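Reviewing the structure listed below.
The values are calculated or read from the model by the stated rules, or taken from the named source; none is laboratory data. No experiment lies behind these values; they were computed from the predicted model shown. Cβ sites come from the backbone with ideal geometry, for glycine too, and all protein chains shown count toward neighbours. For accessibility, only protein heavy atoms count, side chains too; no ligands or nucleic acids. Shrake-Rupley method; radii C 1.70, N 1.55, O 1.52, S 1.80 Å.
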Amino acid sequence: MQHPSGLKSYQQTYPLYKDTLLDASLKIGSSKFILGKDFIVTPGTADNIDLKSNQIIFIGYGIDDKNYDDYGAKNVKGKIVAFFAGEPNLNGKSLSSGLARNAQWSTNKKVILAKQKGAVAAIVINASMDTLSKTMVNNSRKTNLIYPRPVSAEAEKVPYAIIVNNVAKNIFTESNFSELAAKAKAGEPLNNNNIAINLKTKFSYKKRQIPFESSNVIGYIEGTDKKDEYVFLTGHYDHLGKRDNIIFYGADDDGSGTTSVIEMAQTFARAKAAGNGPRRTIVFMTVSGEEKGLWGSEYYSDHPLFPLEKTSVDLNTDMVGRTDLDRKIGDSTNYVYVVGDDKISSDLKTISETQNKKYANLELDYKYNDPNDRQRIYYRSDHYNFARKGVPIIFYYDGMLRPDYHQPSDTIDKINFDLMEKRVRLIFVTAWEMANRDNMLKRDIALPALN
Ligand SMILES: [Zn+2]
């Protein structure tokens, strides 16, 4: 078999980047404001900008919703808009959504709407912000790592500056601003205030994109008579890293899955050395960026090194070393949650249950298989990136969502190795059957749409 060209030794690298702000300036009328003291910008929003406008249009909270509209007949095309953060509410309920929760309209959502309305930039006012905190200023100078995705037209935003109240007073005049800010603090509607400010505004910023790289680690055992078909075994090797000086160990999430993939690779390699190599090629892939948003598996599934239509299955292992404290039924030392075996291929369940009965005898728990389950586990690990491309998947999982989940206390002393071994044995014998049976798994069930 030819070594796939996108594979450098054992690694498939993929690009990431951070945006760093180099400089920004905001001049309104004759006043020039100071970056970091009077205003901040977020470099993640757009390319470098350098724009001028003769008018700032005040648009209340910047909302257009079924029960509440700040835009009305205001023409904001080609203009800079100014709005307050937050949303109007009455008796604890949001006026725009009618919901008790007041978090429907983030700044992000508002600057997307402003773009759709034709505005060129936005000025965001927080009624109770007199100064900028150091953290705000530092965070605004650089973005976190970003996975490069094309921005869809629906997600495009206008560039925006967040200003302190002194700047707002400068724009609106002090008395007008005091009146508006008092209303905003009280959550009163602001959609009847038709204010157009005829001040020349110049707004610019420059940023620099700094490239980074991450990688998926891939090894494979070549098959025999069906070597051009593939069985994937996956887990993610990233976790949350360090915050301040606290280490997030991620023993279960997903040290357990990463070591499972390695153990299975060693076992399949031993079997091959003993003359029992798999008929299909087995690919062992540990991915990075899972905790950031399934980056590594997204990249792999968009840049596959082995054809996805010849990939019979992905068996993904993410957290298999512990016991779900909320599971009150059955034997807590002899179960695994099995997710996805009723989707894409009707072969999955039969093989999974038959192999379990013959070799593992675990309680197969289908609780998280319900697409309406509020944890939405089906969409939350790397198998989903195979599923969205039509590859049948099974996801193996221990259900441990408390109390150490994504905490520094997810440590190796809490792993139940006897239980983990039983689970990995099931995954191994399932992969064995899938690698050696006569046919690839058929694809006869449509994947339910992501909602
Ligand atoms: Zn995980």
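Tabulated data for the structure shown
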{"item": "Number of the exception - Lys328 against (1) among the charged types (D, E, K, R); (2) more than 16 Å from the ligand (Cβ to nearest atom); (3) touching a residue at least 60 places away in the same chain (Cβ under 8 Å)", "result": "(3)"}
{"item": "Flag for Phe172 being more than 30 Å from Lys93 (Cβ to Cβ), open to solvent by less than 60 Å² (accessible area, probe 1.4 Å) and in contact (Cβ under 8 Å) with a residue 40 or more places away in the chain", "result": "no"}
{"item": "Residue tally, condition open to solvent by 30 Å² or more (accessible area, probe 1.4 Å), within 16 Å of the ligand (Cβ to nearest atom), among the hydroxyl-bearing types (Ser, Thr, Tyr) and assigned to a helix (DSSP H, G or I), over the stretch 236-295", "result": "1"}
{"item": "Test result for Gln12, open to solvent by less than 70 Å² (accessible area, probe 1.4 Å) and either in contact with a His (Cβ under 9 Å, 6 or more places away or on another chain) or without any contact (Cβ under 8 Å) to a residue 40 or more places away in the chain (or both)", "result": "yes"}
{"item": "Residue list for the stretch 76-116, restricted to those being among the polar types (S, T, N, Q), surrounded by 13 or more Cβ atoms within 10 Å (Cβ to Cβ) and part of a loop (DSSP other than H, G, I, E, B)", "result": "Ser96, Ser97, Asn102, Gln104"}
{"item": "Selection within the stretch 204-225 - touching a residue at least 60 places away in the same chain (Cβ under 8 Å), over 23 Å from Tyr10 (Cβ atoms) and not hydroxyl-bearing (Ser, Thr, Tyr)", "result": "Lys206, Lys207, Arg208, Gln209, Ile210"}
{"item": "Pairs where the first residue, in the stretch 414-425, is within 11 Å of Tyr335 (Cβ to Cβ) and the second is part of a helix (DSSP H, G or I), C-beta under 9 Å, 6+ apart", "result": "Lys422/Ala360; Arg423/Ser256; Arg423/Ser260; Arg423/Ala360"}
{"item": "Residue match in the stretch 113-133 (condition: without any contact (Cβ under 8 Å) to a residue 12 or more places away in the chain and either basic (Lys, Arg) or at positive phi (or both))", "result": "no"}
{"item": "Those residues of the stretch 334-387 which are part of a helix (DSSP H, G or I), under 22 Å from Ser312 (Cβ atoms) and open to solvent by 60 Å² or more (accessible area, probe 1.4 Å), in sequence order", "result": "Lys349, Thr350, Glu353, Thr354, Lys357, Lys358, Tyr359"}
{"item": "The lone exception for Pro408 - which of (1) buried (at least 24 other Cβ atoms within 10 Å of the Cβ); (2) part of a loop (DSSP other than H, G, I, E, B) it fails", "result": "(1)"}
{"item": "Leading residue by the ranking (most open to solvent (accessible area, probe 1.4 Å)) among those in the stretch 134-160 that are outside any loop (DSSP other than H, G, I, E, B) and in contact (Cβ under 8 Å) with a residue 60 or more places away in the chain", "result": "Lys142"}
